[in-house]
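As structure tokens, the structure follows; a few thoughts come after it.
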Amino acid sequence: MTLNVGHIAYLNCVPFFHYLREVGFEGNIVHGVPSQLNAMLAEGKLDLSPSSSFEYGLHWQKYVLLPDLSISSKGPVQSVLLFSPCTLPELEGRQVALTGESATSVNLLKILLREFVGLREVDFQVPENSVEECIEQKQPSLLIGDRALKMSKRCPPGCRIYDLGELWYQYTGKPFVFALWIVRREAAENKRRELSDLLQKLKKSLGKARQSYFSIAGH
């Protein structure tokens with residue numbers, strides 16, 4: 001049976017997927033941002049995907065986890081960033097523009113501001129215009145993935161950049177798991193052999209990528 005696998009089109013997924021075909025995976029790979037893949041996973045259009053840990057927390061009854069693999073950080077990741085013209089305590093009473101691409105990063109920001117900074121009156125909105133435009137207009141804004149990496153190189157003068165992975169580690173002393181390899185229970189029951197084979201191929205792809213990061217970066 002063929003596996004339908006989600007692929008987040010961000011740099012942090014490259015090590016899993018760059019050599020996956022080369023090591024023998026022949027299933028379907030479906031590309032999308034985290035929110036799209038979360039929806040497809042929930043609807044049964046995917047068998048598994050590296051998807052938001054928040055999605056697993058919300059609907060854990062429908063899923064199992066592929067073991068030993070995650071997208072996580074122990075400190076800064078440089079791709080989940082809050083851009084702000086003011087300090088974190090000064091966000092009280094202000095509006096923060098949110099990316100619509102990731103449930104985990106959005107809820108991580110809300111937890112950080114509420115539980116650790118102590119803010120109660122922050123308004124979170126997905127803007128009609130791009131988040132990049134909001135940042136250029138000096139509005140506090142959350143960006144993730146490659147867009148965050150690019151924006152960090154050209155944000156306006158006076159803009160502060162907060163790395164959410166770094167903040168989490170500072171406040172808790174623990175790593176943060178942004179994405180898990182989430183498997184639908186039906187796939188776990190009906191495609192056990194295919195999933196076991198994919199797990200080994202993902203580990204092989206990851207191992208090859210770790211030995212050739214500079215070569216991959218040149219592509």
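When restricted to residues that are crowded, with 18+ Cβ neighbours inside 10 Å and within 13 Å of residue 17 (Cβ to Cβ), the stretch 188-205 contains 4. Looking across the stretch 87-96, the residues that are open to solvent by 10 Å² or more (accessible area, probe 1.4 Å) and closer than 20 Å to residue 130 by Cα come down to 94, 95. With respect to (1) in contact with a Pro (Cβ under 9 Å, 6 or more places away or on another chain); (2) in a strand (DSSP E or B), the lone exception for residue 199 is condition (2). When only residues in the stretch 30-62 that are charged (D, E, K, R) and touching a strand residue (DSSP E or B) at 6+ places or on another chain (Cβ under 8 Å) count, which is surrounded by the fewest Cβ atoms within 10 Å (Cβ to Cβ)? In this case the residue turns out to be 45. Taking each residue of the stretch 64-76 that is closer than 10 Å to residue 177 by Cα and looking for partners that are open to solvent by 70 Å² or more (accessible area, probe 1.4 Å) and modelled with pLDDT of 95 or more with beta-carbon atoms closer than 7 Å, six or more apart or interchain, yields 74/169.
Against the test of being more than 22 Å from residue 4 (Cβ to Cβ), assigned to a helix (DSSP H, G or I) and at pLDDT 90 or above, the options 133, 194, 186, 121 yield a single qualifying residue, 133.
In the stretch 134-146, which residue that is open to solvent by 70 Å² or more (accessible area, probe 1.4 Å) and in contact (Cβ under 8 Å) with a residue 12 or more places away in the chain is farthest from residue 90 (Cα to Cα)?
So the first thing to find is which residues in the stretch 134-146 are open to solvent by 70 Å² or more (accessible area, probe 1.4 Å), and the list is 136-138.
Add one more test, that the residue is in contact (Cβ under 8 Å) with a residue 12 or more places away in the chain, and what stays is 136, 138.
Values: 136: 19, 138: 14 Å.
Only one residue tops the list, namely 136.
Return the only residue of 149, 91, 113 being touching a residue at least 24 places away in the same chain (Cβ under 8 Å), among the aliphatic types (A, V, I, L, M) and under 21 Å from residue 9 (Cβ atoms). So that I can check it myself, show each step before the final result.
Working: 91 fails: under 21 Å from residue 9 (Cβ atoms); 113 fails: under 21 Å from residue 9 (Cβ atoms).
Only one candidate qualifies: 149.
The residue that is surrounded by the fewest Cβ atoms within 10 Å (Cβ to Cβ), among those in the stretch 97-121 that are touching a strand residue (DSSP E or B) at 6+ places or on another chain (Cβ under 6 Å) and of a type in the set (A, V, I, L, M), is 103. Tallying residues that are within 16 Å of residue 57 (Cα to Cα) and part of a helix (DSSP H, G or I) within the stretch 85-108 yields 6. Checking every residue in the stretch 191-204 against the condition of being in contact with a helix residue (DSSP H, G or I) (Cβ under 6 Å, 6 or more places away or on another chain), under 18 Å from residue 74 (Cα atoms) and in contact (Cβ under 8 Å) with a residue 24 or more places away in the chain gives zero matches. For the stretch 122-133, give me each residue that is within 14 Å of residue 92 (Cβ to Cβ) and open to solvent by 60 Å² or more (accessible area, probe 1.4 Å). Hit for the stretch 122-133 is 123, nothing else.
Yes or no, residue by residue, for (1) surrounded by 12 or more Cβ atoms within 10 Å (Cβ to Cβ); (2) of a type in the set (Val, Ile, Thr); (3) modelled with pLDDT under 95; (4) within 20 Å of the chain's Cα centre (by Cα):
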position: 160; (1), (2), (3), (4): yes, no, no, no
position: 164; (1), (2), (3), (4): yes, no, no, yes
position: 169; (1), (2), (3), (4): yes, no, no, yes
position: 211; (1), (2), (3), (4): no, no, yes, no
position: 219; (1), (2), (3), (4): no, no, yes, no
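Within the stretch 63-86, the residues that satisfy the criterion of being within 23 Å of residue 171 (Cα to Cα) and open to solvent by 70 Å² or more (accessible area, probe 1.4 Å) are 74, 76, 78. Pairs meeting the criteria (first residue in the stretch 152-164 and part of a loop (DSSP other than H, G, I, E, B), second residue aromatic (Phe, Trp, Tyr) and surrounded by 11 or more Cβ atoms within 10 Å (Cβ to Cβ), beta carbons under 6 Å, at least 6 apart or on different chains) are 155/83; 159/83.
The values are calculated or read from the model by the stated rules, or taken from the named source; none is laboratory data. Keep in mind it's a predicted model, so treat the numbers as computed, not measured. All Cβ positions, glycine included, derive from the backbone under ideal geometry; neighbour counts span all protein chains shown. Note: accessible area is taken over every heavy atom of the protein model, side chains too, but ligands, DNA and RNA are not part of it. Shrake-Rupley method; radii C 1.70, N 1.55, O 1.52, S 1.80 Å.
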